[in-house]
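What follows draws every value from the coordinates through simple rules; no lab data is involved. Bear in mind that the values here come from a model prediction, so they are computed numbers and not experimental data. All Cβ positions, glycine included, derive from the backbone under ideal geometry; neighbour counts span all protein chains shown.
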Amino acid sequence: MTIDLHQLALHSIDSAADELGMADWVRATLHQPERSLAVQVPYRADDGAIRVVPGYRVAHSMARGPAKGGTRFHMDVTATEVAGLATLMSVKTAVVDLPLGGGKGGITVDPKQLSETELESLTRSYTRAIAGSIGPDLDIPAPDVNTGQRHMDWMADEFARVTGRPQPGVVTGKSTAAGGSLGRDTATAAGCRTVVIASARRMELPADARVVIQGFGNAGAPLAAMLAADGFRVVGVSDSRGAIHDPRGLDIGAVAATKAAHGSVIHHDAELIAPEDLLALDCEILVPAALEGAIDAAEAERVRARLIAEAANGPVTDRADAILHDRQITVVPDVLASAGGVIVSCFEWQQNQREERWSARYVADRLEQRMRHSLDDLWAVAAARDLDLRTAAMVLGVGRIAAAIEERHGLDVARELAS
Ligand code: GLU
């Protein structure tokens, strides 16, 4: 990890707390996760050996509903990173007004070094280790960096074994066969697409505006395909192995096929460029869809896009944010631009709890509607208070969480003081 994501999240919360004139005790409540768990995750390697790696699950806030957020498998996962990501999830669910709080989990491991059987052993072991802290009414994991449907299916199945009864609502992002929602796998991309289209229109960017996307995973890959189909020109993409560029626009279907066949976008027939040069490509729209801290001060100085839509969590550092603001580059923050995934996760959880199955069209329409409304809310708060979009999003989200905390704890404290 290149940045302290927890500090970044707390700094953003403070900017909203100052703007809202928040009581100190509410601010202190937001600064600390409600609950954090650090566990050992032993798993069996294919050679028969048992290996042990660290895992985490943090519920930052349950003031507005059960905690909600993904599970990340990455070598850079630490307790503080997970706490920071959980904090951002609380704000994210509040900005788009879901009846959920925020949480996150992760395992410090390089999943690319593991076989399928090792991954399954690891994921099931992690589920057993955190089983007492998760549940459909408590804390609901989902996919995040390097995890997807099959990991969620293993988690749901292992949770059912541990508790003795199937409860599909314990995790979201499952396969449809295991109770997943249609449209969940491409939801983060679909939500970000709505943000890009609406913002580009508002900023009067050309219909075939050039787009650069950093990251070709859960969010970046389907987003590239969607924007290309919409008529945008995707001129640069990257993954963890490198970056490629074509000023005429890349054939995204072919790039995806190359990645599926050979493991990386770098094998596609296009100009290979240095990863740091990707962010400085000539374009109108830049979408960081990889890891936190991707755009620091040096990169911010070189950005040529007019619009940044944050599909990743925490991709822009504090210093970079100030520079982008001075350079009048519009940044639609992660807590909204990456919220599509958790919105459809919420739909999945609601379908599981009510034993319903929604059509793909119904899911897509409801997602688009909620993204549009939230974006309108955001621009309205920004205009009314004369704030940049990130601070406005924090004011909107943190204000909603603070109201719920005051309602819950404020009453407890009042009762205690009266007795
Ligand atoms: N990992 C995704 C996020 O960061 C999705 C979380 C969820 O669906 O709960 O927003």
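Pick from Ala86, Ala261, Ala382 the residue whose mean-square fluctuation is largest in a GNM of the chain, springs joining Cα atoms under 10 Å.
Highest fluctuation of the listed residues: Ala261.
Share of antiparallel DSSP beta bridges in the stretch 124-274, in percent to the nearest 5?
60
Express in nm, to one decimal, how much length is gained between Arg372 and Asp251 on full extension, taking 0.36 nm for each residue of separation and deducting their alpha carbon distance.
40.7 nm
Specify which residue in the list Thr194, Ser175, Val162 is farthest towards the positive end of the charge dipole of the stretch 133-200, using unit charges on the beta carbon of Lys, Arg (+1) and Asp, Glu (-1), about the Cα centre.
Thr194
Which lysines have a Cα lying under 30 Å from the Cα of Lys92, excluding residues fewer than 8 positions away in the same chain?
Within reach: Lys68, Lys104, Lys112, Lys174.
Rounded to the nearest 20 debye, what is the charge dipole size of the chain about its Cα centre when +1 sits on each Lys and Arg Cβ and -1 on each Asp and Glu Cβ?
1020
If r is the Cβ-Cβ distance from Glu116 to Arg408 and R0 is 30 Å, what FRET efficiency results, to the nearest 0.05?
According to the calculation, E is roughly 0.10.
Would you list His6, His245, His325 from fewest to most Cβ contacts within 10 Å?
The fewest-first ordering by Cβ neighbours comes to His325, His245, His6.
At what distance in nm do the modelled label points of Ala160 and Ala380 sit from each other, each positioned 7 Å from its Cα along Cα→Cβ?
So the two model labels end up 4.3 nm from each other.
So what's the back-of-envelope 222 nm ellipticity for the chain, counting only DSSP H runs of four-plus at -39500 (n - 2.57) apiece and dividing by all residues, rounded to 500?
-14500 deg cm²/dmol
Using r as the Cβ-Cβ distance of Arg44 and Arg327, and R0 as 45 Å, what FRET efficiency do you calculate, to the nearest 0.05? Could you put the intermediate results ahead of the total?
Working: r = 52 Å, r/R0 = 1.15.
E(calc), rounded to 0.05, equals 0.30.
Which order results if Met371, Met22, Met152 are arranged by neighbouring Cβ count within 10 Å, fewest first? Could the numbers behind the result be given before it?
Working: Met371 24, Met22 21, Met152 29.
With the sparsest Cβ surroundings first, the list reads Met22, Met371, Met152.
What is the set of long-range amide H partners of Val77 at a cut-off below 5 Å, with H atoms built 1.01 Å from backbone N?
The list, which skips near neighbours in sequence, is Val109.
Return the long-range amide H neighbours of Ser175 (sequence gap of 5 or more, or a different chain), with a cut-off of under 5 Å between placed amide H atoms.
Residues meeting the criterion, in which the H sits 1.01 Å from N, are Asp153, Gly180.
Given Ser345, Val395, Trp358, which one lies farthest toward the positive end of the charge dipole of the stretch 265-402, if we put +1 on the Cβ of every Lys and Arg and -1 on the Cβ of every Asp and Glu?
Comparing the listed Cα positions along the dipole, Trp358 ranks first.
Take every Cα pair under 8 Å in the chain that's 6+ residues apart, average their separations, divide by the length, and report that relative contact order as a whole percent.
17
About the Cα centre, and with charges only on the beta carbon of Lys, Arg (+1) and Asp, Glu (-1), how big is the dipole of the stretch 12-116? Nearest 20 debye, please.
Magnitude of the dipole: close to 320 debye.
Would you please state the base-10 log of I(q)/I(0) at q = 0.10, 0.14 1/Å for the chain, with intensities from the Debye formula using one equal scatterer on every alpha carbon?
With one equal scatterer per Cα and no solvent, log10 I(q)/I(0) is -0.65, -1.30.
Percent antiparallel among DSSP beta bridges with both residues in the chain, to the nearest 5?
That works out to approximately 50 percent antiparallel.
Just rank Ile50, Ile329, fewest to most, by other beta-carbon atoms within 10 angstrom.
Least to most surrounded, the residues fall as Ile50, Ile329.
Would you mind calculating the gained length between Asp365 and Ala79 on full extension (0.36 nm times residue separation, minus the Cα-Cα distance), in nm to one decimal?
Difference between extended and current length: 99.3 nm.
So for the pair Arg201, Asp137, with labels modelled 7 Å out along Cα→Cβ, what separation do we get in nm?
My value for the distance between the label points is 4.2 nm.
Which FRET efficiency, nearest 0.05, do His262 and Ser175 yield, Cβ-Cβ r, R0 35 Å?
My answer for the efficiency is 0.90.
Taking only C-alpha pairs under 8 Å that are 6+ residues apart, what is the relative contact order of the stretch 1-98 in percent? Walk me through the intermediate numbers first.
Working: 102 pairs, mean separation 32.5, N = 98.
Computed over the stretch 1-98, the figure is 33 percent.
In nm, to one decimal, how far is the modelled label at Glu276 from the one at Asp318, with both set 7 Å along Cα→Cβ?
My value for the distance between the label points is 2.3 nm.
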